[in-house]
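Undergrad: My questions all concern the structure below.
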Amino acid sequence: MPQVDVMDLEGKVVEQVDLPEAVFDGEVKLHLIHQMVKYQLAKRRSGTHSTKTRKEVSGSGSKPWRQKGTGRARAGDVKSGIWRHGGTTFGPKPRSYEQRMPKKMRRGALKSALNLKLKEGKLRVIADFELSEPKTKTVLGALNNLDAAGKTLLVSDVERPNFLTAVRNIRTAKPLRVEGLNVYDIMWHEHLLCTKGALEAIVRRLTL
């Protein structure tokens, strides 16, 4: 059973916890991660784009000139797609981009993303994100102590108002409640920092 250090905000190891093999088995399925990211991005698309076809644009439906004898190309009406102000041919219409992905595959993708971060040494467990004062400087110092100065995802199991106030000034850090943990955010950020309580909640979520 793999183990991981639990550190405080000063970067000191306070204890070690076991990572259950039911979740952290070391298996990384990149195809599931890729499919899950596509699934999430597709759900974000509103699908409200729309263009007018030749029957929806305004204009006369009569033939602009006779068929033969003018020397011009044949034309049926001024709403043709090849005319200025005409309709759009095969343009987009409102639609849903949502994809189907079974729950078992979504869980497998989340497990793979967590195992990938652990394998890369980018997963760190923090005792707590509690701060006595809402100071951004304190959080920046903590991220440096934890060697997580890049794009960082901070996952907690409880809301810490002082911590949230301090983090919102850091553009490269994103605080997230454990209920909203997802594959896209894990892969977008270089580092994953989660509290011990959040780690326990993740394990419960993936082993039910």
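The values are calculated or read from the model by the stated rules, or taken from the named source; none is laboratory data. Note that the coordinates shown come from a computational prediction; the quantities given were computed from them, not determined experimentally. Cβ placement follows ideal geometry from the backbone for every residue including glycine, while neighbour counts extend to all protein chains displayed. Quick note on the areas: whole protein, heavy atoms, side chains included, nothing else; ligands and nucleic acids left out. Shrake-Rupley method; radii C 1.70, N 1.55, O 1.52, S 1.80 Å.
Yes or no, residue by residue, for (1) assigned to a loop (DSSP other than H, G, I, E, B); (2) within 20 Å of V28 (Cα to Cα); (3) at pLDDT below 95:
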| site | (1), (2), (3) |
| --- | --- |
| R124 | no, yes, yes |
| F129 | yes, no, yes |
| G141 | no, no, yes |
| N144 | no, no, yes |
| G150 | yes, no, yes |
| L164 | no, no, yes |
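Undergrad: Of the residues K111, K79, K93, only one is open to solvent by 30 Å² or more (accessible area, probe 1.4 Å) and closer than 19 Å to M187 by Cβ; which?
TA: From the options K111, K79, K93, the qualifying one is K111.
Undergrad: Moving on. Considering only the range 8-58, how many residues are part of a loop (DSSP other than H, G, I, E, B), among the β-branched types (V, I, T) and within 21 Å of M101 (Cβ to Cβ)?
TA: Count: 2.
Undergrad: Next question. Looking at L41 and the list (1) open to solvent by 40 Å² or more (accessible area, probe 1.4 Å); (2) at pLDDT below 95, which single condition is not satisfied?
TA: Of the numbered conditions (1) open to solvent by 40 Å² or more (accessible area, probe 1.4 Å); (2) at pLDDT below 95, the odd one out for L41 is (2).
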